Amino acid sequence: MKNLNIFLLGICLASLSYAVAPTGRYKTIYDQMVAFETQNPSLAKVFSIGANDDGVEMYAIRISTSPQTMDKSKIGQFLVATHHGNEGGSTVLAVEFMKDLLNRYKSDELWKGKLGDTEWTILPVLNISGYNANNRYEHGNDPNRDYPGPCTNSGFGKLKSVRNLINFLGVRSFAGSVTTHGYVGNFTYPWGFYTDNNKTLDDNKYREMFHKIADINGYSFGNSGDAIYPANGCYEDFVYWKHGSWSLLVELLNGSTNDVASTVPAISEFFNLIDSTPSSKNQFQANCTYHRGADLRRE
Ligand SMILES: [Zn+2]
C-alpha cells in the first residue's frame, strides 16, 4: 500500500509539472519574442495564455510602457496570427508588426504620447502543432471554425487553444483586433457568417476606414461574407460580436517580404483609425441562414 501511495504521489507531481517546451518552427518564433523582451525589457514581456491540447504553452508578447503586468486602464489592442498552420506568412507578419511597434516606441517621440496610453498583445501562433507541421488544421479541426457566434450555438470550443484565447479575450477590453491569414490580398470586416443580412450596424464606418487602410498597400477590401464567402465559427466575427472589438482580417497576398513589409503600416493605420473603445453597436439583428456547404473552406 505504501508503495502504491508513493506511486500515486509520483503521478500527481508529474502531472503538476507537465509542460512541453516549444519545439520546431514554433521555437524559432518563441525565441524571437524572448529576444525582443531581452532587448527591450521596459517595453516587452512574453507570457503564456495557457497550454494547448498538447501541453504546449501558447506564448504572447505584451508591448507597452509598463509591460510587466496587464494594465486595464490602457487602451487594449490585440493581434492574433496563425489560426491556419500552413499560412506561415501570417506568422511573419505578426513578428514584423512586433518589431515595427517596438521601433516606434523607441524611435518616435511623437508616438509615445499615444502609444503610452496603449497596451498591445500579440499572439503570433494560435495553432502550434499545425504551424510545426505546415498543416491548416489542429488535431483535425479548423481552429477558425471553432468559435461561438450569433449563428453558432453549439459545436464550438473543441480546441483548447481556442478556449484559451476565448478566455483571454474576456480578461480585459480590446478596442481593436487583427487576425492574419493568407493568401488572397484583402482586408475584411464582419459579418462573415451565413445570414440574410451581413451588414453590421457599423458597416458605413468599417467601409470608410477600410478604404483608407487598403489604399496603403493596394489590397481590396470589403465585408467578409461578400469579399471571400461566408463561414460560421470564425474568430473575426466572434471578437466583434462578443466584445465589440473593431475587427480586421487580413489575407496576405503571397506572404513575400515585400508583401509583409507593405502590410504592416496598413495594419498600424487600422489601429490608428478605430475608436479607443469597442463598438457599442455590435449586436446582430438579422437572421441566421444555413446553406449546404456552410463549412466551405475559406482562406
Ligand atoms: Zn487562413
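Tabulated data
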{"item": "DSSP-assigned coil residues among chymotrypsin sites (Phe, Trp or Tyr not before Pro) in segment 38-98, each with at most 16 further Cβ atoms within 10 Å", "result": "none"}
{"item": "Rounded if a/c under 1.5, otherwise prolate or oblate - segment 103-228, Cα gyration tensor axes", "result": "oblate"}
{"item": "Asp226 paired with Lys106, simple spin-label distance in nm, labels 7 Å along Cα-to-beta-carbon", "result": "4.2"}
{"item": "Three-way shape label, segment 48-111, alpha-carbon gyration tensor, a/c 1.5", "result": "oblate"}
{"item": "Between segment 236-284 and segment 66-138, the alpha-carbon center distance in angstrom", "result": "12"}
{"item": "Calculated FRET efficiency for the pair Tyr183/Thr23, C-beta based, R₀ 30 Å, to 0.05", "result": "0.70"}
{"item": "For segment 37-62 and segment 165-203, distance of Cα centres in Å", "result": "23"}
{"item": "Extension reserve of the Ser42-Asn254 stretch, reckoned as 0.36 nm per residue once the Cα distance is removed", "result": "72.9 nm"}
{"item": "Most to least packed among 60-68, 280-288, 246-254 [average Cβ atoms within 10 Å]", "result": "246-254, 60-68, 280-288"}
{"item": "Extension reserve of the Ser173-Thr69 stretch, reckoned as 0.36 nm per residue once the Cα distance is removed", "result": "35.9 nm"}
{"item": "Length-normalised contact order for the chain - Cα pairs under 8 Å, 6+ apart - percent", "result": "19"}
{"item": "Cross-link reach list, lysines versus Lys205, counting only Cα pairs under 30 Å and skipping chain neighbours closer than eight places", "result": "Lys72, Lys74, Lys99, Lys112, Lys114, Lys242, Lys281"}
{"item": "Chymotrypsin sites (Phe, Trp or Tyr not before Pro) within segment 140-186: DSSP coil, no more than 12 neighbouring Cβ in 10 Å", "result": "none"}
{"item": "Cα gyration tensor category, rounded, prolate or oblate, for the chain with a/c compared to 1.5", "result": "oblate"}
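Every number in this text was worked out from the coordinates using simple rules, so none of it is lab data. On a predicted model such as this, the values are computed, not experimentally measured, just so you know. Backbone-built Cβ (ideal geometry, glycine too); neighbour counts: all protein chains shown.
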